[in-house]
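First comes the structure, then the notes that go with it.
The values are calculated or read from the model by the stated rules, or taken from the named source; none is laboratory data. Not measured: the values here are computed from a predicted model. With ideal geometry, Cβ positions are generated from the backbone for all residues, glycine too; neighbour counts draw on all protein chains shown. To get the accessible areas, we keep the full protein, side chains included, count just its heavy atoms, and leave off ligands, DNA and RNA. Shrake-Rupley method; radii C 1.70, N 1.55, O 1.52, S 1.80 Å.
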Amino acid sequence: VQLQAFGGGSVQAGGSLRLSCAASVYGAVIMGWYRQAPGKQRELVATITSGGISNYADSVKGRFTISRDNAKNTAYLQMDSLKPEDTAVYYCNARRVVSPTFSYWGQGTLVTVSS
């Protein structure tokens, strides 16, 4: 299984970035984005089920939008109104919660937001 994340970069506060994650997994898979800032634990950003039900961390609600294209097995994270505290390495995750269960991580992509 491979997950490839793209789209990180540097942006000024208030700007936007769009992350993409292409996954070589199929079926009822929850796709998610997590992030890890320097010196902090990895935290949930957003998840989306194969049926399109999304969940967000309170810190990004109203600013970030997660979506997916099931035909392309790709998840997206549109990040608007970025803040310096959004600076982190963002990781894509694909997991299945019914048997056979699994959880896979992609390589991280760095997002840097300057003030």
Next on the checklist: Give the lysines reachable from K83 as a straight Cα distance under 23 Å; neighbours fewer than 8 places away on the same chain don't count.
Outcome noted: K40, K61
Next on the checklist: From the gyration tensor of the Cα coordinates in the stretch 3-55, what semi-axes in whole Å does the equivalent ellipsoid have, largest first, with each one equal to sqrt(5λ)?
Outcome noted: 23, 14, 12
Checklist entry - When the label point is put 7 Å from the Cα of S81 along its Cα-to-beta-carbon vector, which residues of the stretch 1-18 have a backbone N closer than 19 Å? => result 11-18
Item to check | Mean accessible surface per residue for the stretch 7-90, computed with a 1.4 Å probe while every protein chain stays in place, in Å² | outcome: 50 Å²
Item to check | Which of F6, F102 is most accessible, then next, and so on - probe 1.4 Å | outcome: F6, F102
Checklist entry - What percentage of the solvent-accessible surface of the chain, computed with a 1.4 Å probe over protein heavy atoms, is contributed by carbon and sulfur atoms? => result 49 percent
Item to check | Top positive-direction residue, dipole computed over the chain with Cβ charges, set T87, G27, G15 | outcome: G27
